[in-house]
1. When you take every Cα atom in the protein assembly as shown, what is the radius of gyration, and what is Dmax, the widest Cα pair distance, in Å?
2. For the stretch B:3-220, with the dipole built from +1 on Lys and Arg beta-carbon atoms and -1 on Asp and Glu ones, taken about the Cα centre, which of B:LEU182, B:LEU31, B:LEU64 lies farthest toward the positive end?
3. Go through the stretch A:151-163 residue by residue and turn each phi into a ³J(HN,Hα) via Karplus (6.51, -1.76, 1.60, θ = phi - 60°); whole Hz please, and just put x for glycine and proline.
4. Return a whole-number percent for the relative contact order of chain B, with Cα pairs under 8 Å and 6 or more residues apart as the contact set.
5. Over 18 Å between Cα atoms: which of A:LYS122/A:LYS176; A:LYS93/B:LYS89; A:LYS52/B:LYS97; A:LYS89/B:LYS217; A:LYS89/A:LYS181; A:LYS52/B:LYS217 fall into that group?
6. Amide H neighbours of A:GLU35 under 5 Å, at least 5 residues apart or on other chains, H built in the peptide plane: list them.
7. Can you give me the long-range amide H partners of A:CYS8? Hydrogens built in the peptide plane at 1.01 Å from N, cutoff under 5 Å, separation of 5 or more residues or another chain.
8. I'd like the mean, over residues of A:87-96, of how many other protein chain beta carbons sit within 10 Å of each residue's own Cβ.
Amino acid sequence: MTNDQRLCLEVEQLSCARNNKTLFEDLNFSLHSGEIMIVEGNNGSGKTTLLKLLCGLRSPDQGTIKFNHQEIDDLAREYNDQLLYLSHKNGVKADLTARENLNSFCQLYGQPAEFVDEVLVKMELVNEADISCRFLSEGQNRRVALARLLLSPAPIWILDEPLTALDEAGVELVKKLLHLKLQREGMIIISSHHDLNIDEGIGMQRINLTPSLLTSVA
Amino acid sequence: MNAYLAILKRDLILANRNRSALFNPLLFFALLATLFTVATSASTEMLSEISSGIIWVGALLASLLSIDNLFRSDYEDGSLEQWLLSPNKPTFMVLMKVLSHWLVSGLPIILITPLLAVILHFPMTGLNVLVLSLLIGTPVLSLVGAIGLALTLGLRKSGMLLPLLVLPFYIPVLIFANNAVLISASGGDASAQLTMLLAMLVLALTLTPITVVYCLKLSLG
């Protein structure tokens with residue numbers, strides 16, 4: 001990827017309050033292709049809120065979020081095009097089968113559905129592919145949701161606790177996908193309580209939202 | 001365009017797998033109309049006078065009853081934020097959601113209306129206009145209901161709030177529609193009222209998607 005195609009996400013003086021309680025103030029960082037930002041913090045410290053702000057689902061009380069030097073509010077769909085967001089909720093329809101869910105993700109992203117079978121194999125969902133997701137376990141539903149990582153072409157991933165409910169093999173799989181994404185010049189913003197085994201060498205930033213610890217270490 | 005049709009198709013499949021959502025409003029509508037024939041001691045003249053009102057109020061309440069299906073499950077399982085953040089036009093997706101909801105809960109009501117019109121001794125000269133007014137009016141109800149639902153999605157207890165928010169906006173539709181039906185049943189020309197209804201539909205079609213997207217973002221944030 002050439003230099004001018006590099007992605008750049010800049011956060012300037014971001015502040016956010018929720019229920020009259022300030023979650024964070026004056027948050028500054030910038031992130032580029034091939035870099036990962038790990039958001040840490042106690043429960044209720046605003047990790048999910050920060051991720052929602054970064055994908056534009058919520059407007060900041062103060063400060064700006066810029067993607068390639070333009071505010072994300074002005075970009076709207078152009079920014080959505082670059083973005084894959086995974087929240088606590090799986091976004092998986094319980095009445096559809098795993099395969100149907102994956103097909104509907106493809107349609108949503110405007111991608112051909114030819115890779116669905118391949119992705120089902122990779123996510124180890126082949127035997128469950130034609131069972132209604134209502135009857136799958138929490139971890140299997142999580143795998144269906146995580147199949148998005150393989151189906152969406154978006155270069156930026158914003159992942160909110162992607163490893164919850166996954167078994168060891170699932171956790172390893174996601175870690176592998178994260179590494180692969182970074183090698184391919186993607187950008188990842190992730191909140192997680194797991195150790196992600198990311199090498200310090202590749203641009204990694206940590207941010208801790210626990211009020212007394214609010215620091216950003218590049 | 002494909003993503004929008006896919007949403008429509010997906011919703012229709014889901015509705016087919018969850019038939020109670022399909023039949024509840026229909027059953028409610030049919031019960032309401034038939035109960036009236038019993039409760040009004042079957043005086044034919046009185047029934048035929050109020051029959052259009054019964055049918056329209058029934059359709060309106062049935063629409064209100066089913067509006068929750070429009071976004072609630074998508075909101076709870078997280079599909080809603082996924083399609084708001086997808087690279088598609090959110091307003092078009094809202095239109096598709098409303099269309100699928102109307103096909104599932106609005107259209108069946110219109111289809112059984114002629115049957116109920118017979119039960120309620122509705123004057124058959126006005127049947128065309130009655131069906132036409134429902135065809136134009138019920139989509140308006142769905143569209144306006146979508147705004148109310150989008151606004152109240154994030155609230156924990158929104159039970160009574162939604163009807164309170166939405167009913168005032170349903171009333172103009174009810175007035176013009178019922179007026180059109182009454183006029184045509186007595187042999188008059190109801191085109192003015194129907195045009196007014198059509199204007200409401202155009203207004204709702206153009207403005208509600210934008211409002212709904214905005215309200216959904218508020219509820220999700």
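1. In Å, with Rg to one decimal and Dmax whole: 25.6, 86.
2. Projecting each Cα onto the dipole axis, the largest value belongs to B:LEU64.
3. Each residue of the stretch A:151-163 in turn: 8, 8, x, 5, x, 9, 10, 10, 10, 9, 6, x, 8 Hz.
4. Across chain B, relative contact order equals 26 percent.
5. In this structure, A:LYS93/B:LYS89; A:LYS52/B:LYS97; A:LYS89/A:LYS181 exceed 18 Å between Cα atoms.
6. Here the answer is A:ILE188, since their amide H atoms fall under 5 Å of that of A:GLU35.
7. A:ASN68
8. What the average comes to for A:87-96 is 6.
Values quoted throughout were computed directly from the atomic coordinates according to the rules given, and no laboratory measurement underlies them. For clarity, every value in this text was computed on a predicted model and none was experimentally measured. For neighbour counting, all protein chains shown are included, and Cβ atoms are generated from backbone atoms with ideal geometry for every residue, glycine included.
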